[in-house]
Amino acid sequence: MKQLAEILELGTGYLEKNHIEEARLKMQLLMCHILEMRKIDLYVHFEDVLAEDKLSLIREGMKNIARGIPIQHLIGNTDFMGYILDVSSDVLIPRSETEELVAKAIGDLEENGIIPNRILDIGTGSGCIAIALANKYPNAEVLALDVSEAALAVAENNAARHGADNIVFVQMDILKEFPDGEQFDIVTSNPPYIPVKDYAELDSVVKDHEPKGALTDGGDGLAFYRRFAEIFDNLLAPDGKFYLEIGFGQAEKIINIFSVTKFAVNVSNDMLKVPRIISGKWK
């Protein structure tokens with residue numbers, strides 16, 4: 001019979017030996033999910049002895065993590081800016097960099113005293129950006145687009161869970177069409193930006209378990225930014241602004257793409273000082 005504290009330590013060591021990053025955090029998330037506890041409860045009850053059936057489930061979960069299955073898929077959800085969102089192999093698992101994109105957009109709006117009326121999120125995936133903005137601005141109309149019907153089903157369930165009833169979800173391939181005749185105060189997107197030549201080198205945790213179409217455009221990683229440069233003059237309101245997540249080493253190339261448009265763009269770094277967000281507005 002083992003206590004919670006011992007299981008946490010043994011599990012963390014097991015994952016570390018299998019070269020799993022953030023091993024302790026993943027053990028905590030796994031144990032909280034199986035034991036239906038908050039993270040703090042693991043320490044409040046660290047001397048509790050675990051029943052054999054629960055221990056068996058934890059062991060199986062550890063083996064799956066060691067095999068490269070994302071912890072978010074094992075527990076079925078992830079945290080994005082305080083919102084617990086369902087995730088599956090149909091959607092990209094939201095990252096902290098995308099949280100920074102949302103924070104950047106909200107910070108700019110608040111700094112300028114602007115409350116948006118219409119928001120567009122392109123490639124919504126799990127709905128993470130759309131839901132965070134929809135709940136921040138409950139009187140805004142939010143349009144969330146994705147080419148994947150399966151991803152939209154996940155996003156709609158997440159929106160319903162968090163009461164974001166001001167979002168309209170639409171299946172659309174933005175590379176082929178766009179919401180013609182509509183203008184938005186804020187446009188956001190975390191598009192597929194990994195060059196196809198780099199896709200094969202991705203960690204198997206990502207490559208084998210997240211949708212390829214949400215990771216790479218099948219080319220140089222810039223297809224969506226070229227498309228945005230073509231269509232944003234149809235989508236952005238006169239005082240509107242857009243916020244786009246970008247990949248490592250892409251900032252200069254994307255600035256060049258927008259240099260021939262009617263938009264002025266700026267680059268913001270993420271917490272690791274990597275250029276991560278392109279924001280733009282009318283010149």
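The values are calculated or read from the model by the stated rules, or taken from the named source; none is laboratory data. Since the model is a prediction, treat every value here as computed from it, not as a measurement. All Cβ positions, even for glycine, are placed from backbone atoms using ideal geometry, and neighbour counts span all protein chains on display.
Kindly list, by first and then second residue, each pair from a residue in the range 145-163 that is over 12 Å from C128 (Cα atoms) and touching a residue at least 12 places away in the same chain (Cβ under 8 Å) to a residue that is among the hydrophobic types (A, V, I, L, M, F, W, C) and part of a helix (DSSP H, G or I), limited to pairs with Cβ atoms under 8 Å and residues at least 6 apart or on different chains. Matching pairs, first to second residue: D146/L152; D146/A155; S148/A214. Of the helices (runs of 4 or more DSSP H) lying entirely inside the range 177-283, those containing at least 2 residues that are touching a residue at least 40 places away in the same chain (Cβ under 8 Å) and in contact with a Phe, Trp or Tyr (Cβ under 8 Å, 6 or more places away or on another chain) are 223-235. Scanning the range 200-219 for residues that are at pLDDT below 95 and of a type in the set (S, T, Y) yields a single hit, S204. When I186, I257, I278 are checked against the criterion of being surrounded by 15 or more Cβ atoms within 10 Å (Cβ to Cβ) and either among the polar types (S, T, N, Q) or farther than 24 Å from C128 by Cα (or both), a single residue qualifies: I257.
Can you find a residue in the range 262-275 that is in the same structural domain as L101 (by TED's automatic domain parsing), buried (at least 21 other Cβ atoms within 10 Å of the Cβ) and within 23 Å of the chain's Cα centre (by Cα)? For the range 262-275, residues in the same structural domain as L101 (by TED's automatic domain parsing), buried (at least 21 other Cβ atoms within 10 Å of the Cβ) and within 23 Å of the chain's Cα centre (by Cα): absent. Restricting the first member to the range 81-92 and to residues that are in the same structural domain as A132 (by TED's automatic domain parsing) and at negative phi, and the second to residues that are of a type in the set (F, W, Y) and crowded, with 19+ Cβ neighbours inside 10 Å, no beta-carbon pair is closer than 6 Å while six or more apart or on different chains. Give the residue that is nearest to the chain's Cα centre (by Cα), with candidates limited to residues of the range 102-118 that are hydrophobic (A, V, I, L, M, F, W, C) and modelled with pLDDT of 95 or more. The residue in question is V102.
Within the range 1-49, being more than 23 Å from R67 (Cβ to Cβ) and among the hydrophobic types (A, V, I, L, M, F, W, C) holds for M1, L4, A5, M37, I40, L42, V44, F46, V49.
Tell me yes or no: at least one residue of the range 131-138 is farther than 28 Å from L202 by Cβ, at pLDDT 95 or above, hydrophobic (A, V, I, L, M, F, W, C) and out of contact with any strand residue (DSSP E or B) (no Cβ under 8 Å at 6 or more places or on another chain).
no
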